[in-house]
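*Asks:* I'd like to ask you about the structure that follows.
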Amino acid sequence: MSQRILIIEDEKPIADAVAYSLKREGFTVTVATDGESGLSLARTEKPDLIILDLMLPGMDGLAVCRAVRREARTPIIMLTAKAEETDKVVGLELGADDYVTKPFSVRELIARVKAVLRRAADTAAADEEELVSSNLVINLAEHTVTLDGKPVSLSPKEFDLLTTFLRHRGRVLSRDVLLEQVWGEDTYIDTHTVDVHIRWLREKIEVNPSKPERIVTVRGVGYKFVG
Ligand code: CA
């Protein structure tokens, strides 16, 4: 599937030239000409990268950048004019991944787009290799778990449960959500099964399984991973 780029730029000649070249490189491109519609497209289309002009009518680029960052890690390349040196710094502080100063060559911008996308993919891959909670480490690639550096032997369901917990740490997960995540949507398994597996899992990863400090019960709701 081709990667999707959202361009938020009010100067049509620039937006058109960039869109044209990106499409030729195989990207799928959407263009917004003001901040508000750009932000709403960022939410609905979930692009792989956003090229964001700083000077926009209405909601400006910095406000858009800040709003996007509150919700997502979508890579952002800002387009700035030379006079906007301080805004460039602010943009990076707000979480833009890179900036290109106007006037720029489209070829350079595309090189930046590719570099930022590559970096984002590397980060995502690294993020996905291990899930760590202090002395508990899940190695997703090797499908192994260690506690204090010693291997913990988990059944496949226990492994999936623990992975689900670490990916949503701090959030209360109901038994139904856990069933759906670990056993799949279409299984007719009693939610009691979740409790049984959690009991087994606690035996293996809790210091005191009868007083769990990692997988805690949230009465009437479900479970929460602390750590
Ligand atoms: Ca502009």
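*Asks:* State the number of residues belonging to region 38-73 that are more than 14 Å from the ligand (Cβ to nearest atom) and surrounded by fewer than 20 Cβ atoms within 10 Å (Cβ to Cβ).
*Replies:* 13
*Asks:* Let me ask something else about it. From the list Asp98, Asp48, exactly one residue is out of contact with any Ser or Thr (no Cβ under 8 Å at 6 or more places or on another chain) and among the charged types (D, E, K, R). Which is it?
*Replies:* Only one candidate passes the filter, namely Asp98.
*Asks:* What do you reckon, is Ala67 part of a helix (DSSP H, G or I) and under 21 Å from Ala115 (Cα atoms)?
*Replies:* So Ala67 does not fit the description; no.
Condition check ((1) of a type outside the set (D, E, K, R); (2) more than 25 Å from Ala124 (Cβ to Cβ)) across all residues:
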site	(1), (2)
Thr144	yes, no
Thr164	yes, no
Gln181	yes, no
Thr193	yes, yes
Lys211	no, yes
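*Asks:* Still on this structure: Which of the following residues is polar (S, T, N, Q) and without any contact (Cβ under 8 Å) to a residue 12 or more places away in the chain: Thr163, Thr191, Thr217?
*Replies:* Thr217
Any read-out appearing in this document is the output of simple, stated calculations on the displayed coordinates, not a laboratory observation. As the structure is a prediction and not an experimental result, all values here were calculated from the model. Cβ atoms come from the backbone with ideal geometry, glycine included; neighbour counts cover every protein chain shown.
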